[in-house]
Amino acid sequence: MNPRLQQLRTLLHEEKLDAIFVSSLPNIFYLTQFSDFTTFDRDGFVLVTNNNQYVFTHGIYQEAVAKKVKDYILIPIKRENPISKSLKDIITKEKITSLGIEAFDLKVDEYERLLKEVDKNIVHPTHLIQKLRIKKTAEEIQAIKKACRLGDKAFSAILEKIRVGITEKELAFEMELFIKQQGADISFPTIIAFGPNASNPHHVPTTAKLKANTFVLMDFGVKLHNYCSDMTRTVFFGTASEKQKKEYQTVYTSQEKAINKIKSLIANPKSLIKANEIDLIARNYILSQGYPDMPHSLGHGIGLDLHEAPRLTPLTDEVLTDGDVFSIEPGIYIPGKFGIRIEDLFAIQNDTLITLTKAQSNFIEL
């Protein structure tokens with residue numbers, strides 16, 4: 001039996017749920033290892049009960065699902081047999097009185113159709129599978145590491161494309177083309193921002209052309225075998241002033257301080273690695289140097305989704321432990337002038353902090 005199903009059923013029992021209806025694609029993959037469903041059409045769903053597990057899909061996927069998904073009961077989705085009716089039949093058959101749903105993912109019309117067949121009083125929103133996914137296995141960490149290795153190569157390759165007159169859109173295209181030529185996909189649309197455009201952390205690339213003596217921020221990720229990487233590098237195109245070098249060094253040092261604090265806490269088995277304290281170490285250092293507060297958290301978990309738990313933010317009460325994979329990405333943003341961010345991925349594995357992204361992160365002048 002799939003150990004993830006066993007773990008999920010343990011959580012179902014703890015949460016006093018008889019079943020969970022799964023609609024999000026990352027969670028479906030996590031349980032079934034089937035990744036052919038697309039985000040464009042709602043072609044697949046999963047139901048896990050205390051006794052059985054079901055996969056629902058349309059006819060175009062039935063052959064592939066039957067071949068690749070083992071230990072699941074396959075139920076076709078048809079006009080005369082909509083998924084809401086199939087769910088009702090199973091709920092009646094297995095005497096389900098409490099059903100978990102992924103309210104964060106279900107569309108409103110899907111929820112409304114569900115309630116036409118299923119009693120609203122037995123339906124409860126839940127994030128059970130996200131809880132399972134927080135702690136990564138050694139195999140999952142290795143998968144993320146492989147995506148990061150390809151990201152490192154993409155960064156080295158893109159440095160050769162940076163030149164006067166290239167646009168943000170052209171550089172983003174070159175980055176994504178390189179990743180896809182390696183047989184992978186992007187984990188999110190590439191962010192390329194020149195100079196003042198980088199003061200917006202989630203800038204959308206434009207036709208702005210690169211000029212000399214400008215910061216170039218590149219935030220990009222690889223999706224390989226369903227697992228994501230995420231990395232940000234900021235380089236200087238031209239000859240930097242001492243002031244610009246200090247600005248970069250401030251971000252670099254803030255990241256170092258966060259990393260070193262995690263390492264020191266790991267070395268002391270009695271210490272808790274509080275995510276909010278790690279955020280504040282980097283955040284407060286940037287503030288102490290006279291720069292504005294970061295408009296985002298210091299980091300986020302990553303895996304099948306680009307952003308998942310744990311979160312490194314001043315407001316969280318999460319504690320980092322073995323199996324966590326997360327980013328550390330401090331930044332300085334001065335509206336209308338520049339933005340600098342350095343982002344790397346890390347894993348805590350066997351009581352050791354492992355750096356998954358290896359591309360050069362100290363100051364680079366091109």
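Look at where the Cα atoms of the stretch 232-281 and of the stretch 1-78 average out, and the two centres are 41 Å apart.
Tell me the Kirkwood radius of the chain: reciprocal of the mean inverse pair distance over distinct alpha-carbon atoms, in Å.
22.4 Å
Residue separation of residue 142 and residue 111 scaled by 0.36 nm, minus their Cα-Cα distance, works out to 7.5 nm of gained length. Taking each residue as 0.36 nm, the span from residue 63 to residue 169 lengthens on full extension beyond its C-alpha to C-alpha distance by 34.2 nm. Here the label points at residue 52 and residue 355, each 7 Å from Cα along the C-beta direction, are separated by 5.2 nm in the simple model.
Taking other C-beta atoms within 10 angstrom as a stand-in for reagent exposure, 21, 104 fall in the order 104, 21, fewest first. The relative contact order of the chain, computed from alpha carbon pairs under 8 Å that lie at least 6 residues apart in sequence, is 15 percent.
Per Stokes-Einstein, at 10 °C and 1.306 mPa s, what whole-number D in µm² s⁻¹ belongs to the stretch 215-297, with the Kirkwood radius over Cα pairs as the hydrodynamic radius? Rounded to a whole number, D works out at 106 µm²/s. Here the simple spin-label model places points 7 Å from the Cα toward Cβ, and for residue 36 and residue 277 these points are separated by 5.0 nm.
Using alpha carbons only, the radius of gyration of the stretch 3-133 set against its Kirkwood radius gives Rg/Rh = 0.92.
Between residue 288 and residue 15, the distance separating the two model label sites (each 7 Å from Cα on the Cα→Cβ line) works out to 4.1 nm. For the stretch 1-98, run through the GluC sites (Glu not before Pro) and keep only the ones in DSSP coil with at most 12 other Cβ atoms within 10 Å of their Cβ. Passing both the DSSP loop test and the Cβ count: 80. Of 357, 97, 250, the sequence from fewest to most neighbouring Cβ atoms within 10 angstrom is 97, 250, 357.
Principal axis analysis of the Cα atoms in the stretch 266-366 yields extents of 42, 30, 27 Å, listed in decreasing size. Protection proxy ranking, highest mean first, for peptides 111-120, 190-199: 190-199, 111-120, where packing is the per-residue count of other beta-carbon atoms within 10 Å, averaged.
For residue 132 and residue 182, what does the FRET efficiency come to when R0 = 30 Å and r is the distance between their Cβ atoms, rounded to the nearest 0.05?
E(calc), rounded to 0.05, equals 0.50.
Assuming R0 = 51 Å, can you tell me the calculated FRET efficiency for the pair residue 120 and residue 249, based on Cβ-Cβ distance, to the nearest 0.05? With R0 = 51 Å, the Cβ-Cβ based efficiency is 0.35.
Any idea what the dipole of the stretch 303-357 comes to, in debye rounded to 20, about its Cα centre with Lys/Arg Cβ at +1 and Asp/Glu Cβ at -1?
420 debye
When the Cα convex hull of the stretch 62-125 is projected onto planes of every orientation, the mean area is 5.3 nm². Seen from a random direction on average, the alpha-carbon convex hull of the stretch 106-243 projects onto 12.5 square nanometres.
Which GluC sites (Glu not before Pro) does the stretch 153-210 hold that lie in a coil by DSSP with at most 15 other beta carbons within 10 Å?
Listed in order of number, the matching sites are 160.
Helical runs assigned H by DSSP (4 residues or longer) give the chain a calculated mean residue ellipticity at 222 nm of -11500 deg cm²/dmol, each run adding -39500 (n - 2.57) before division by the residue total. Subtracting the Cα-Cα distance of residue 70 and residue 161 from 0.36 nm times their residue separation leaves 28.2 nm of extension gain. Cβ-Cβ distance of residue 88 and residue 317, R₀ of 51 Å, FRET efficiency by 1/(1 + (r/R0)^6): the value works out to about 0.85.
Since every read-out is calculated from the coordinates, none of them should be taken as a lab result. Here the structure is a predicted model, which means the values were calculated and not measured. FYI the Cβ positions are ideal-geometry reconstructions off the backbone, even for glycines, and counts take in every protein chain you see.
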